[in-house]
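What follows is a single structure, written as structure tokens, with notes after it.
The values are calculated or read from the model by the stated rules, or taken from the named source; none is laboratory data. Predicted, not measured: the structure shown is a model, and the values here were computed from it. With ideal geometry, Cβ positions are generated from the backbone for all residues, glycine too; neighbour counts draw on all protein chains shown.
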Amino acid sequence: MLSVKGVSGIVATAILLALTIAGGLLLYTYVSRYLAVSIQSGELIIENAYYLTSVKRLEVTVRNIGMSTARVTEVEVILANGSPSTINQSISISVAPGETKTISITDIAERPLYVIVHFDDSRKTEPAAVRVIG
């Protein structure tokens, strides 16, 4: 007669429970550290982006939703034909937590399609669509 050997049901349940708890603790640690870093630093979002055709000016309004000051370092413009613009301007504007600021870029001859704001030297916003006015 064959003898079947294996782990009892109680032991298997205990092992699965221990693995589930360990996985939950790892996930909790990762998420809490990730959120702590993003909340403590500055975080910019683009609220509005307008292209005024009559004066060939792009106005980008950004808001800091983070807990510390963010420094805008560059505004990247993607043109209507999809190519990145050569008019990317290096700037230095500080945006305090909760503050909203408007950045103006002049002499833009071609219609911009999207705008991306670079801040704190290595971070950037999601691309925002540019509305055309005038």
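Miscellaneous remarks
- Filter result for residue 108 (outside any loop (DSSP other than H, G, I, E, B) and not aromatic (Phe, Trp, Tyr)): no
- Residue 49 being out of contact with any Leu (no Cβ under 6 Å at 6 or more places or on another chain), of a type outside the set (Ser, Thr, Tyr) and exposed (fewer than 13 other Cβ atoms within 10 Å of the Cβ): no
For (1) among the polar types (S, T, N, Q); (2) under 19 Å from the mean Cα position of the chain (by Cα), each residue gets a yes or a no:
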site: 41; (1), (2): yes, yes
site: 55; (1), (2): no, no
site: 66; (1), (2): no, yes
site: 72; (1), (2): no, yes
site: 77; (1), (2): no, yes
site: 81; (1), (2): yes, no
site: 93; (1), (2): no, yes
site: 97; (1), (2): no, yes
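- Residue match in the range 61-70 (condition: touching an Asp or Glu at 6+ places or on another chain (Cβ under 6 Å) and charged (D, E, K, R)): yes
- All positions within the range 111-134 that are outside any strand (DSSP E or B) and buried (at least 18 other Cβ atoms within 10 Å of the Cβ): 125, 130
- Single match in 133, 105, 93 (criterion: β-branched (Val, Ile, Thr) and farther than 29 Å from residue 68 by Cβ): 133
- So residue 31, is it touching a Leu at 6+ places or on another chain (Cβ under 7 Å) and either modelled with pLDDT of 90 or more or among the hydrophobic types (A, V, I, L, M, F, W, C) (or both): no
- Flag for residue 133 being within 19 Å of the chain's Cα centre (by Cα) and not hydroxyl-bearing (Ser, Thr, Tyr): no
- Selection of the range 94-120 for residues being over 16 Å from residue 132 (Cα atoms) and in contact with a Phe, Trp or Tyr (Cβ under 9 Å, 6 or more places away or on another chain) yields only 95.
- A single entry from 60, 37, 75 fulfils the requirement of being modelled with pLDDT under 95 and surrounded by 14 or more Cβ atoms within 10 Å (Cβ to Cβ): 75.
- Strands (runs of 3 or more DSSP E) contained entirely in the range 1-103, each with at least 1 residues that are aliphatic (A, V, I, L, M) and in contact (Cβ under 8 Å) with a residue 60 or more places away in the chain: 44-52, 57-64
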